[in-house]
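To start, the structure itself, in structure tokens.
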């Protein structure tokens, strides 16, 4: 059974790393776009009309694509004052309660995001200025939060992390 759980952990890690790489690409594209817009504004006197809209959409996509990986690596912000000072069954209970809170948040967010995705697809919504199709970005948001909720639910079934909830140094974070 432990072998199956370890295999699932590896698949989750691989999938979330791939999505995080896409998220990093979105952030890099956003930075490039903003730099080009600044260059166009001052060099040519005519900035791109779509910069603000596309940069915002890329930023949101980067966040939601990276969220599941951050949860897998336990690198998110958390209040660990009580958790790090407990052990045994109380620590397990706090771990499960924390995961349940996130799963509940993800479920509610997913429900609303799914409704937004359906609405966006039904009306073929686009941004106001550049007329960028919103559906892909809303779908990325929906899938990202769904996967994050599934990751948190899976982690709830696994043993809680030992020691501090987040590594103290970058070297501890890197495998």
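The values are calculated or read from the model by the stated rules, or taken from the named source; none is laboratory data. Note that the structure is predicted; figures quoted are calculated from it, not measured. Counting neighbours? That spans all protein chains shown, and the Cβs are built from the backbone with ideal geometry, glycine included.
Brief remarks on what is shown
- The residues of the range 94-107 that are within 30 Å of residue 22 (Cβ to Cβ) and either in contact with a strand residue (DSSP E or B) (Cβ under 8 Å, 6 or more places away or on another chain) or surrounded by 12 or more Cβ atoms within 10 Å (Cβ to Cβ) (or both), listed by number, are 95, 98, 99, 100, 102, 103, 104, 105, 106, 107.
- Some residue of the range 39-60 being surrounded by 15 or more Cβ atoms within 10 Å (Cβ to Cβ), under 17 Å from the mean Cα position of the chain (by Cα) and in contact (Cβ under 8 Å) with a residue 60 or more places away in the chain: yes
- Considering (1) farther than 21 Å from residue 110 by Cβ; (2) in contact with a helix residue (DSSP H, G or I) (Cβ under 7 Å, 6 or more places away or on another chain); (3) at pLDDT below 90, the lone condition that residue 76 does not fulfil carries the number (1).
- Unique match (being at pLDDT below 90 and closer than 25 Å to residue 127 by Cβ) among 45, 88, 66, 23: 45
- Verdict on residue 66 being out of contact with any strand residue (DSSP E or B) (no Cβ under 9 Å at 6 or more places or on another chain), assigned to a helix (DSSP H, G or I), on the phi < 0 side of the Ramachandran plot and free of Cβ contacts under 8 Å to residues at least 40 places away in the same chain: no
- Restricting attention to the range 111-165, the residues being in contact with a helix residue (DSSP H, G or I) (Cβ under 7 Å, 6 or more places away or on another chain) and in a helix (DSSP H, G or I) number 25.
- Restricting attention to the range 1-16, the residues that are exposed (fewer than 14 other Cβ atoms within 10 Å of the Cβ) and within 20 Å of residue 65 (Cβ to Cβ) add up to 3.
- Conditions (1) over 20 Å from residue 17 (Cα atoms); (2) at pLDDT 95 or above: number failed by residue 142: (1)
- Residue within the range 91-112 that is modelled with pLDDT of 95 or more and within 21 Å of residue 53 (Cβ to Cβ) present: no
- Within the range 77-93, the residues that satisfy the criterion of being without any contact (Cβ under 8 Å) to a residue 40 or more places away in the chain and either surrounded by 13 or more Cβ atoms within 10 Å (Cβ to Cβ) or in a helix (DSSP H, G or I) (or both) are 85, 86, 88, 89, 90, 93.
Per-residue answers, yes or no, for (1) part of a loop (DSSP other than H, G, I, E, B); (2) in contact with a helix residue (DSSP H, G or I) (Cβ under 6 Å, 6 or more places away or on another chain):
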site	(1), (2)
11	no, no
26	no, yes
34	no, yes
48	yes, yes
